[in-house]
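The values are calculated or read from the model by the stated rules, or taken from the named source; none is laboratory data. Remember, it's a predicted structure, so these values are computed and weren't measured experimentally. Cβ placement follows ideal geometry from the backbone for every residue including glycine, while neighbour counts extend to all protein chains displayed. Surface accessibility is based on the protein's heavy atoms, side chains included, excluding ligands, DNA and RNA. Shrake-Rupley method; radii C 1.70, N 1.55, O 1.52, S 1.80 Å.
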Amino acid sequence: MDLKLKLEQLHQRVVGLKDQINTEEATKNAFVMPFIQILGYDIFNPTEVIPEHICDIGTKKGEKVDYVIRKNNEPILIFECKHWKENADAHNSQLHRYYHVSKARFGVLTNGTVYNFYADLEKPNIMDEKPFLTIDIEDLKDNAIKILESFTKNEYNLETILDSAEGFKYIKAIRKEFEKEIENPSDELIKLLVSRFFDKPLIASRMIAFKEYAKKALTLSINESISDRLKSALNINEKPDIQVDQKVSLIDDGSDSKIITTEEELEAFQIVKAILREKIASTRIAPRDTQSYFGVLLDDNNRKPICRFHFNTANKYLGTFANGKDAGDKKQIFNLDEIYNYRSHLHQTIDNY
């Protein structure tokens, strides 16, 4: 089972259990230990995964870090854990102290859903203030998962990670600044762009106008780029199969310029995909967007609808076919996590085919 699938299953576990997890200790047992196990380390071997490891700090004796991960008898990772309701960014000073006296090169601060990975890229033996890698179980990113693979027991290599970590860190920082510019373009960016085509003085009123123009232009450019990529990835431009039963057709009238695939629909598709991968290969689960809904098909076959997302109105609905492809049933949902509540319906649909 690949790393991404294991993390998606952990996400399902987190969603299903977190409201019942009332303590930091329970968070560690229910969420953090499974995460460490996903990385390939034996959580039942106290010489490999050491809980409550004593980490004396100066005159403070008996200080304990939650977990120390060892490989070849050397510490490679330290974990400091908080309750899942706490902000994983709010306690790095404590991890900073443990890191200073530890021989491990990497520290992880987590609340069981967000995992911040730290190193000493700026000053030797002093943990950086900001993480170079963040894994959010509730918002998994492929590029972050790729980096996480380097920390698995079978793939771990200190030199390889350190060689790449600086790049990870600064790419993340540059991306963050870029996103800020998209949300609220700075005067510096406006002046840089406008100076290339506008030769008049940039007075205050003009600056205000151009800032709004820049924000719209950047957003429009990115959205169009995403839309083009999605249309290509989802094969929206394919012609519908003339054999399709009109009662269950997922194809619109062919005017695909009116189809807008949203991030919310794609996130819902990934949730359904994670649920169904418990029973079938992911390659058999296909998306198909239309003007009125986003459909999920088995084997990319219009005669085998699995579910539909009706997200184009004020209220959101999940269409299911547990009672047969000609007996669809719409369920109102208030957030995407509620899709997990219909796991049995989705599995039953697959069994019907």
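Look at (1) within 19 Å of A144 (Cα to Cα); (2) at pLDDT 85 or above and you find that L121 fails only one, number (2). Annotation note: Cβ proximity below 7 Å between a residue of segment 184-204 that is more than 15 Å from L218 (Cα to Cα) and a residue that is of a type outside the set (D, E) and open to solvent by less than 40 Å² (accessible area, probe 1.4 Å) (sequence gap 6+ or interchain) occurs for L202/V194. Contact annotation: residue pairs with Cβ atoms under 8 Å, 6 or more positions apart or on different chains, pairing a residue in segment 287-313 that is free of Cβ contacts under 8 Å to residues at least 24 places away in the same chain with a partner that is of a type in the set (K, R) and buried (at least 17 other Cβ atoms within 10 Å of the Cβ), are D299/R284; D300/R288; H310/K316. Scoring N302 on the criteria (1) open to solvent by 20 Å² or more (accessible area, probe 1.4 Å); (2) over 20 Å from E278 (Cβ atoms) leaves a single failure, condition (1).
Test A286 against the criterion of being surrounded by 18 or more Cβ atoms within 10 Å (Cβ to Cβ) and under 27 Å from D19 (Cβ atoms), and give yes or no. Give the steps one after another, and end with the answer.
Details: surrounded by 18 or more Cβ atoms within 10 Å (Cβ to Cβ): yes; under 27 Å from D19 (Cβ atoms): no.
So A286 fails the test.
Give the residues of segment 126-179 that are among the small types (G, A, S) and more than 14 Å from the chain's Cα centre (by Cα), sorted by residue number. Answer for segment 126-179, where residues must be among the small types (G, A, S) and more than 14 Å from the chain's Cα centre (by Cα): S150, S164, A165, G167, A173.
Each row is one residue, and each column tells you yes or no for (1) open to solvent by less than 10 Å² (accessible area, probe 1.4 Å); (2) modelled with pLDDT under 90; (3) touching a His at 6+ places or on another chain (Cβ under 6 Å).
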{"position": "V65", "(1), (2), (3)": "yes, yes, yes"}
{"position": "R70", "(1), (2), (3)": "no, no, no"}
{"position": "A88", "(1), (2), (3)": "yes, yes, no"}
{"position": "H96", "(1), (2), (3)": "no, yes, no"}
{"position": "Y99", "(1), (2), (3)": "yes, yes, no"}
{"position": "E129", "(1), (2), (3)": "no, yes, no"}
{"position": "I137", "(1), (2), (3)": "yes, no, yes"}
{"position": "K141", "(1), (2), (3)": "no, yes, no"}
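Of the residues making up segment 314-336, just one is surrounded by 17 or more Cβ atoms within 10 Å (Cβ to Cβ), in contact (Cβ under 8 Å) with a residue 40 or more places away in the chain and either part of a loop (DSSP other than H, G, I, E, B) or touching a Ser or Thr at 6+ places or on another chain (Cβ under 8 Å) (or both), namely K325.
Against the test of being modelled with pLDDT of 90 or more and open to solvent by 30 Å² or more (accessible area, probe 1.4 Å), the options K172, K153 yield a single qualifying residue, K153. Each residue in segment 295-311 was checked for being more than 30 Å from K18 (Cα to Cα) and not in a strand (DSSP E or B), and 6 pass. Out of E212, E224, one residue alone is in a helix (DSSP H, G or I) and modelled with pLDDT of 80 or more. It is E212.
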